[in-house]
1. What residues have an amide H closer than 5 Å to that of Ile91, excluding those fewer than 5 places away on the same chain, when H is modeled at 1.01 Å from N in the peptide plane?
2. Let's see if you can work this out: charge +1 on each Lys and Arg Cβ, -1 on each Asp and Glu Cβ, no other charges. What is the dipole magnitude of the chain about its Cα centre, in debye to the nearest 20?
3. Normalised by the residues of segment 49-160, what does the relative contact order come to in percent, with Cα pairs under 8 Å and at least six apart?
4. Among the Cys residues of the chain, which have no other cysteine Cβ under 4.7 angstrom away?
5. With r defined as the distance between the Cβ atoms of Asn105 and Ala33 and R0 fixed at 22 Å, what FRET efficiency is calculated, to the nearest 0.05?
6. Per-residue HN-Hα couplings for segment 83-92, Karplus 6.51 cos²θ - 1.76 cosθ + 1.60 at θ = phi - 60°, whole Hz, x for Gly and Pro?
7. Find the relative contact order for segment 144-253 and round it to a whole percent, using C-alpha pairs within less than 8 Å whose residues are 6+ positions apart.
8. With contacts defined as alpha carbon pairs under 8 Å and 6 or more residues apart, what's the relative contact order of the chain in percent?
Amino acid sequence: MTVAQILADARIQGRKLEAYPDGEPATEREAFAVQCEAAGLTGWTQTGWKIGCTSKMAKDMLRADGPFPGPIYAERTFANYGEVPLNNKAIRLVEPEIAFIMARNLPAGDAEHSVEKVISAVASVHLSLELVNRRLPGGLEDGNMWNIADGGCNDAFTLGPANEVLPAGEYAALELVVSKNGQPETVGLGINALGGPDIALTWLANYLNANGLALQAGEVVTTGVVTGLVYVAHGDEVTSSCAQCGEVSARYK
């Protein structure tokens, strides 16, 4: 059985592997190829992308050199103010983020896309909550090529309401205020995501083009944690709010 099939089966079954598969990816390009193959093997519907390690905190935790993408699936997307199931063996780590929905495709061109061009292709801006999990043994710091192959360690996703698109350059100053069970938990600024969520989105657009892919109209992209990390237990409710972007909330059960 291939590494991609093992990872796809573990995701579908909500299972943590007891041992690493044979054949660790040697390079980021190889790891991303495994990720894409595994996504196809799940049979699930990919609705967009997450971007991991856009903050210094996340890069330090994963011992990563830079950001990487991962798929978001319809089967693991949950309604705002809804319930998100937790696996007892999961890491149970929630990341408050800023997300975009694309209005049009961004295929490769003669030059890399600028931030202004990418933002002009956005339909709406949202707050989001990403539940992080790892289907592989060990922790997040145990080999970043494996984290990329494992779909960027994403598990579940909650998307807040749509908001008007801001001009490029205005996302770094967005402030997210996060509570857990009604009590203040953490705050953070958009600048923590690679200098701004618009910059992170542009990085993804160009990364996908360099790998023969492209952002598509209707896809959602969540751009990485901008606050502190929020660890949850069964029954915890996490809410993230922003003056310009409304509120997103999920109860983890």
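1. Residues meeting the amide H criterion: Arg134.
2. Computed about the Cα centre, the dipole is about 460 debye.
3. Taking the mean separation of contacting Cα pairs over the length of segment 49-160, I get 36 percent.
4. Cys36, Cys53, Cys153
5. After rounding, the FRET efficiency stands at 0.50.
6. 9, 10, x, 10, 8, 4, 9, 6, 5, 6
7. Here the relative contact order equals 31 percent.
8. 28 percent
Every number in this text was worked out from the coordinates using simple rules, so none of it is lab data. In this text the structure is predicted, and so the values were computed from the model without any measurement. Positions of Cβ are backbone-derived with ideal geometry, glycine not excepted, and every protein chain shown enters the neighbour counts.
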